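The values are calculated or read from the model by the stated rules, or taken from the named source; none is laboratory data. In this text the structure is predicted, and so the values were computed from the model without any measurement. A quick note on method: Cβ atoms are made from the backbone with ideal geometry, for glycine too, and the neighbour counts reach across all protein chains shown. Protein only, heavy atoms only, side chains kept; ligands, DNA and RNA dropped before computing areas. Shrake-Rupley method; radii C 1.70, N 1.55, O 1.52, S 1.80 Å.
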Amino acid sequence: FRGWKDLKQGTQDEKAKSLLHCVEQDCIQELMYSAVHMGDSSLYENLMSLLSVFHEGKRVRGVDGLLYKLYHPFLFRSILVSNSTVRRNASSIFVTAFPFHDPDSQSNEIEEDMHKQFSILQQILEDPAESVRLVAVQGVCRLVA
């Protein structure tokens, strides 16, 4: 996290921008993708401990946009797949990092995204797999608390 943050602050030259892009796309996003699709629960927990620094750092400038940009290509689709383990992992990440939004978006786009995300919350609360519903209930209780 500190490495990404330091790179983000020093993006004046092209070399730093290129390195930042590489770290975001090839390292952080790969960890995110692996966590969503991980079948081994102990490896999933290890990946989540790495990613939790980003999830908990949402107040740091740029982290919200980073999470939105890197999770957006696959997280919401993963909540809909037939594999219940992938749905559980994706749902867990979804409720942990909720809400996802791009701070540079217009207010109407943010509102649309939030509406979609509340629909996803409802959907995972009604998921046929008990493990997904359990994650959803725990996540919603954390969000409401």
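Data for the structure
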item: Computed magnitude of the charge dipole of region 41-116 (debye, nearest 20; Cβ of K, R +1, Cβ of D, E -1); result: 300 debye
item: Over 19 Å between alpha carbons, listed pairs LYS5/LYS58; LYS17/LYS58; LYS15/LYS69; result: LYS17/LYS58; LYS15/LYS69
item: Residue-normalised accessible area of region 5-145, expressed per residue, 1.4 Å probe, Å²; result: 59 Å²
item: Förster radius 35 Å - calculated FRET efficiency between SER42 and ILE110, Cβ distance, rounded to 0.05; result: 0.45
item: Accessible area of region 1-111 belonging to carbon and sulfur atoms, whole % at 1.4 Å probe; result: 50 percent
item: 12 Å reach of a label modelled at LYS5, 7 Å along Cα-to-Cβ, counting backbone N of region 12-54; result: 53-54
item: Mean residue ellipticity (222 nm) of the chain, computed from DSSP H runs ≥ 4 via -39,500 (n - 2.57), nearest 500; result: -22000 deg cm²/dmol
item: Largest-first principal axis extents, alpha carbons of the chain, Å; result: 50, 38, 27
item: Region 28-101: relative contact order as a whole-number percent, Cα under 8 Å and 6+ apart; result: 39 percent
item: Whole-Hz couplings from phi, Karplus 6.51/-1.76/1.60, listed for region 39-45; x for Gly and Pro; result: x, 8, 5, 5, 5, 4, 4
item: For region 1-80, convex hull of alpha carbons as volume per residue, Å³; result: 88 Å³
item: Relative contact order of the chain, pairs being alpha-carbon contacts under 8 Å that are 6 or more residues apart, as %; result: 19 percent
item: Computed magnitude of the charge dipole of the chain (debye, nearest 20; Cβ of K, R +1, Cβ of D, E -1); result: 280 debye
item: Separation of the GLU24 and ARG61 label points, Cα + 7 Å toward Cβ, nm; result: 1.5 nm
